[in-house]
């Protein structure tokens with residue numbers, strides 16, 4: 001009888017372990033797999049025209065004079081990554097615009113337009129790892145991508161013959177920007193400011209929130225096993241991928257933007273980020289705004305706040 005009980009417990013435990021591992025693989029695939037249509041640039045331009053029609057005359061004028069250019073660069077990983085770039089004659093300033101999760105560079109041309117057309121910047125808009133036309137099979141949630149952005153900063157400094165930067169990210173792009181802020185800058189960078197629009201504190205917090213809100217699941221055991229699996233397969237764990245820790249090391253000026261009705265990256269995350277950040281910083285909470293819609297809801301004020309933040313010594 002005792003032996004049968006032990007066998008039964010062992011079977012149950014084995015089923016539990018196998019189910020947990022299977023669920024962990026599913027969670028990583030659900031969260032970190034690239035968009036199947038990521039390289040469909042025509043679709044991205046169509047979406048841009050629908051969501052931000054005010055951007056299309058700028059894009060059309062750039063295309064007409066062949067001013068919208070692109071390039072591929074080999075990263076330290078050996079992968080080829082892609083970016084668009086636009087020169088601004090006589091400007092010594094550079095904006096790097098970072099897109100969100102499962103987006104591509106084209107999806108954030110409306111932010112690039114602000115910097116190029118309204119603020120007078122040279123602009124570089126990369127497809128992050130495993131997005132758009134950039135190689136990669138697994139999304140890094142802005143953690144490993146921080147090294148790619150440092151590489152793009154070097155490339156941009158040579159393209160535009162300057163070292164004065166603004167790094168502006170939205171959602172996962174904001175997390176990427178914050179992760180970059182905690183790193184030592186390449187020697188080509190003379191000055192840098194950061195704009196983070198609706199970024200998360202760390203990947204653990206973001207996935208914890210989504211699991212609870214979307215699926216009603218507790219952290220244990222799935223978050224722990226999935227984080228371990230991510231560490232083994234991708235080189236980083238959910239807690240390790242921490243913009244919160246990175247901003248704590250950054251003394252560069254940073255503008256924090258977040259909608260107060262954000263239920264994808266919850267609004268409360270911006271407060272520990274802002275409080276942890278030393279040095280010059282500003283915070284703008286946009287009222288009645290869902291995830292990544294601060295510009296759409298407040299376009300004129302968005303530009304004014306960027307201008308004020310960038311031009312303040």
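Table for the structure above
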{"item": "Considering residues of the range 125-139 that are in contact with a strand residue (DSSP E or B) (Cβ under 7 Å, 6 or more places away or on another chain) and surrounded by fewer than 24 Cβ atoms within 10 Å (Cβ to Cβ) only, the residue farthest from residue 60 (Cα to Cα)", "result": "135"}
{"item": "Of residues in the range 259-268 being surrounded by 21 or more Cβ atoms within 10 Å (Cβ to Cβ) and over 14 Å from the mean Cα position of the chain (by Cα), the one nearest to residue 140 (Cα to Cα)", "result": "262"}
{"item": "Candidate set from the range 1-27 (those that are out of contact with any helix residue (DSSP H, G or I) (no Cβ under 6 Å at 6 or more places or on another chain) and closer than 24 Å to residue 214 by Cβ); member that is modelled with the highest pLDDT", "result": "26"}
{"item": "Members of the range 40-69 that are surrounded by fewer than 17 Cβ atoms within 10 Å (Cβ to Cβ) and not in a helix (DSSP H, G or I)", "result": "40, 65, 66, 67, 69"}
{"item": "Candidate set: the range 269-283, residues that are in a helix (DSSP H, G or I), touching a residue at least 12 places away in the same chain (Cβ under 8 Å) and in contact with a strand residue (DSSP E or B) (Cβ under 9 Å, 6 or more places away or on another chain); chosen: the one surrounded by the fewest Cβ atoms within 10 Å (Cβ to Cβ)", "result": "274"}
{"item": "Where residue 310 falls short, out of the listed (1) at pLDDT below 95; (2) part of a strand (DSSP E or B)", "result": "(2)"}
{"item": "Residue among 115, 84 that alone is surrounded by 14 or more Cβ atoms within 10 Å (Cβ to Cβ), at pLDDT 95 or above, touching a strand residue (DSSP E or B) at 6+ places or on another chain (Cβ under 6 Å) and assigned to a helix (DSSP H, G or I)", "result": "115"}
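Yes/no matrix, rows are residues, columns are (1) touching a strand residue (DSSP E or B) at 6+ places or on another chain (Cβ under 8 Å); (2) assigned to a helix (DSSP H, G or I):
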| residue | (1), (2) |
| --- | --- |
| 169 | yes, no |
| 201 | no, no |
| 211 | no, yes |
| 217 | no, no |
| 224 | no, yes |
| 228 | no, yes |
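The values are calculated or read from the model by the stated rules, or taken from the named source; none is laboratory data. What you are looking at is a predicted structure, and each value in this text was computed from that prediction instead of being measured. For neighbour counting, all protein chains shown are included, and Cβ atoms are generated from backbone atoms with ideal geometry for every residue, glycine included.
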